Amino acid sequence: KRLNEWKDDGIRPMKGNNSKTVKINLGRPMAQVVVNFNYETKPNISDIICCNLLSSIFQSRCMQNIREKDGSVYSINVNKETQTVPASQYGITAEFSCSPDDAERLKGKIVEEWNKMAREGVTQAEYDIVVRHLNKKMTENDDKADNWAKYITDTLLLNAETLNPVSYSTTMKSINADVLNDFLRRMSTDGNRLDVTFLSKK
C-alpha cells in the first residue's frame, strides 16, 4: 500500500463542553488535569500561526494569573496542536498536577482565564512579545537541513501547505493583533472544550 493512501475513520473531538473524571491508583493523592480547547475549520497557514501565538499567550496568562497568584499549582503547561488531515483541526491544551482537593477549583480558573481572554481579546503588548519569540524561532530553524526535510515530507505526505520559514514569512505580513483576536473569537465561539481529570486518592 502506498504511503499517501489513508482512510479517514471519522474520529473527531467531542462536540460542546465535556468533563470526564478518570480514577487511577498512584498510591498517593494527586490529580492530573487536562483542559483542551479545540476548533475545526478550513486549513490555512494564517490560522496555524495564530494557534502558535495564542498558545504562548495563554501559557503566559495561566502562569501569571493562576500559578503565581494562587500558589496551589507548581506549573501549568500549555501546548498547541495543529493538523490538516483527516480534518483541519486546531487545539490548545493546558495541563497541570495538583492536590485532588484543588482540582475542580483550578480547572475552573483555567476555563475562566480562557473565557476572559476570548471576551476581552489579547493585547497589542502580548501580541508583540510572542511575535518576536516566534520570529526568532522560525529564523533559527531556517538553515537547518533536518527541519527542511520534515517540512518537505509533511507537504508531500499531507498534500497540503505546511508551516515553514518561507510560508511563515509571507503570511506574517497579513497578521496582526486583530487577525489573532478574530481567530481567538472563532475558536471560542465555534470550538469545543474537553477537560479530563485523572484522580488518585489514598
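Quick notes
- Being crowded, with 16+ Cβ neighbours inside 10 Å and in contact with a Cys (Cβ under 9 Å, 6 or more places away or on another chain) is a property that does not hold for residue 57.
- Top-ranked residue in the stretch 113-138 [being of a type in the set (A, V, I, L, M) and open to solvent by less than 60 Å² (accessible area, probe 1.4 Å); ranked as modelled with the lowest pLDDT]: 138
- Residues in the stretch 105-125 that are in contact (Cβ under 8 Å) with a residue 40 or more places away in the chain and closer than 17 Å to residue 67 by Cβ: 106, 107, 109, 110, 111, 113, 114, 117.
- When the stretch 78-99 is filtered for residues that are over 30 Å from residue 9 (Cα atoms) and open to solvent by 30 Å² or more (accessible area, probe 1.4 Å), the ones remaining, listed by number, are 97, 99.
- Residue 73 open to solvent by less than 30 Å² (accessible area, probe 1.4 Å), touching an Asp or Glu at 6+ places or on another chain (Cβ under 8 Å) and part of a loop (DSSP other than H, G, I, E, B): yes
- Verdict on residue 28 being of a type in the set (Lys, Arg) and part of a loop (DSSP other than H, G, I, E, B): yes
- Where residue 22 falls short, out of the listed (1) in a strand (DSSP E or B); (2) open to solvent by 50 Å² or more (accessible area, probe 1.4 Å); (3) within 30 Å of residue 176 (Cα to Cα): (3)
- Unique match (being out of contact with any Cys (no Cβ under 6 Å at 6 or more places or on another chain), buried (at least 17 other Cβ atoms within 10 Å of the Cβ), of a type in the set (A, V, I, L, M, F, W, C) and without any contact (Cβ under 8 Å) to a residue 60 or more places away in the chain) among 66, 49: 66
- Verdict on residue 103 being at pLDDT below 95 and open to solvent by less than 40 Å² (accessible area, probe 1.4 Å): yes
- Test: residue in the stretch 140-156 that is modelled with pLDDT of 80 or more, surrounded by fewer than 16 Cβ atoms within 10 Å (Cβ to Cβ) and basic (Lys, Arg): no
- Scanning the stretch 159-202 for residues that are open to solvent by 70 Å² or more (accessible area, probe 1.4 Å), without any contact (Cβ under 8 Å) to a residue 12 or more places away in the chain and among the charged types (D, E, K, R) gives 173, 178.
The values are calculated or read from the model by the stated rules, or taken from the named source; none is laboratory data. Values in this document were obtained by computation on a predicted structure and should not be read as measured data. All Cβ positions, even for glycine, are placed from backbone atoms using ideal geometry, and neighbour counts span all protein chains on display. For the accessible areas, the whole protein counts, side chains as well, though only heavy atoms, and no ligand, DNA or RNA atoms are used. Shrake-Rupley method; radii C 1.70, N 1.55, O 1.52, S 1.80 Å.
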